[in-house]
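Structure first, commentary second.
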Amino acid sequence: MYHNYIMAKKSPYTVLIAEDENNLQNILCTKFTEEGFAVITAVDGQETLDLAIEHHPDIIILDLLMPKVDGRVVLRKLRSDMWGKSVPVIVYTNVSETEGVDEIFRNKAYDYMIKANHSLEDVVTRVRQRLAMQGGIA
């Protein structure tokens, strides 16, 4: 199983980026590293689950359309795990179907962001907002 684990200098927070599109994953990884986060990347749903349970990141950015295990299934499985039930998850996807959004929020996703409608800065801002809510950074 291949994944990246990039530690920013003195980073107190780790973000798991679950994105199967290589270019976008690299861009997100670079942006979060530049912003001072440690970054773990996953290219499919099963790897996302494995890395989340192994590393306990502070927050997860999750695409819905992932190989092996769909992002919705990843979210449901995370919520059934003792640790995973409370980890903040931001769904970052191009899936804009309204009926699926209800399920995402029932499974306690912190946010649902459509890639085409949000910049990288927006994603970083949401991550910082969520971490600030749990006593982390602002």
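The values are calculated or read from the model by the stated rules, or taken from the named source; none is laboratory data. All values reported here derive from a predicted model rather than from experimental measurement. In this analysis, Cβ positions are derived from the backbone assuming ideal geometry, glycine residues included, and neighbour counts consider all displayed protein chains.
Where residues in the range 88-126 are part of a helix (DSSP H, G or I) and charged (D, E, K, R), which of them is surrounded by the most Cβ atoms within 10 Å (Cβ to Cβ)? I'd like the intermediate steps shown before the answer.
First, pick out the residues of the range 88-126 that are part of a helix (DSSP H, G or I): 98-106, 115-117, 120-126.
Of the ones still in play, those that are also charged (D, E, K, R) are 99, 102-103, 106, 115, 121-122, 126.
Working: Glu99: 6, Asp102: 9, Glu103: 12, Arg106: 11, Lys115: 16, Glu121: 10, Asp122: 13, Arg126: 19.
Once the filter is applied, the top-ranked residue is Arg126.
Here is a list: Ala38, Ala42. Which entry is surrounded by 23 or more Cβ atoms within 10 Å (Cβ to Cβ) and either of a type in the set (A, V, I, L, M, F, W, C) or on the phi > 0 side of the Ramachandran plot (or both)?
Working: Ala38 fails: surrounded by 23 or more Cβ atoms within 10 Å (Cβ to Cβ).
Sole residue among the options that is surrounded by 23 or more Cβ atoms within 10 Å (Cβ to Cβ) and either of a type in the set (A, V, I, L, M, F, W, C) or on the phi > 0 side of the Ramachandran plot (or both): Ala42.
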Q: Scan the range 79-95 for residues that are more than 22 Å from Gly135 (Cα to Cα), out of contact with any strand residue (DSSP E or B) (no Cβ under 6 Å at 6 or more places or on another chain) and at pLDDT 90 or above and jot them down.
A: Ser80
Q: Those residues that are more than 21 Å from Ile114 (Cβ to Cβ), in contact with a Gly (Cβ under 6 Å, 6 or more places away or on another chain) and not charged (D, E, K, R), I need them from the range 21-72; list them, please.
A: Val69
Q: Would you mention how many residues in the range 77-104 are β-branched (Val, Ile, Thr), farther than 18 Å from Asp122 by Cβ and within 14 Å of the chain's Cα centre (by Cα)?
A: 1
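Yes/no matrix, rows are residues, columns are (1) touching a helix residue (DSSP H, G or I) at 6+ places or on another chain (Cβ under 8 Å); (2) closer than 19 Å to Phe37 by Cα:
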{"site": "Gly84", "(1), (2)": "yes, no"}
{"site": "Ile90", "(1), (2)": "yes, yes"}
{"site": "Thr93", "(1), (2)": "yes, no"}
{"site": "Glu103", "(1), (2)": "yes, no"}
{"site": "Lys108", "(1), (2)": "yes, no"}
{"site": "Lys115", "(1), (2)": "yes, no"}
{"site": "Ser119", "(1), (2)": "no, yes"}
{"site": "Val124", "(1), (2)": "yes, yes"}
{"site": "Ala132", "(1), (2)": "no, yes"}
**Q.** Checking Gln129 against (1) modelled with pLDDT of 95 or more; (2) assigned to a helix (DSSP H, G or I); (3) not β-branched (Val, Ile, Thr), the condition it does not meet
**A.** (1)
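When you go through Asp122, Asp50, Asp81, Asp44 one by one, which is the residue that is in contact (Cβ under 8 Å) with a residue 40 or more places away in the chain and over 19 Å from Pro12 (Cβ atoms)?
On the way: Asp122 fails: in contact (Cβ under 8 Å) with a residue 40 or more places away in the chain; Asp81 fails: in contact (Cβ under 8 Å) with a residue 40 or more places away in the chain; Asp44 fails: in contact (Cβ under 8 Å) with a residue 40 or more places away in the chain.
Only one candidate passes the filter, namely Asp50.
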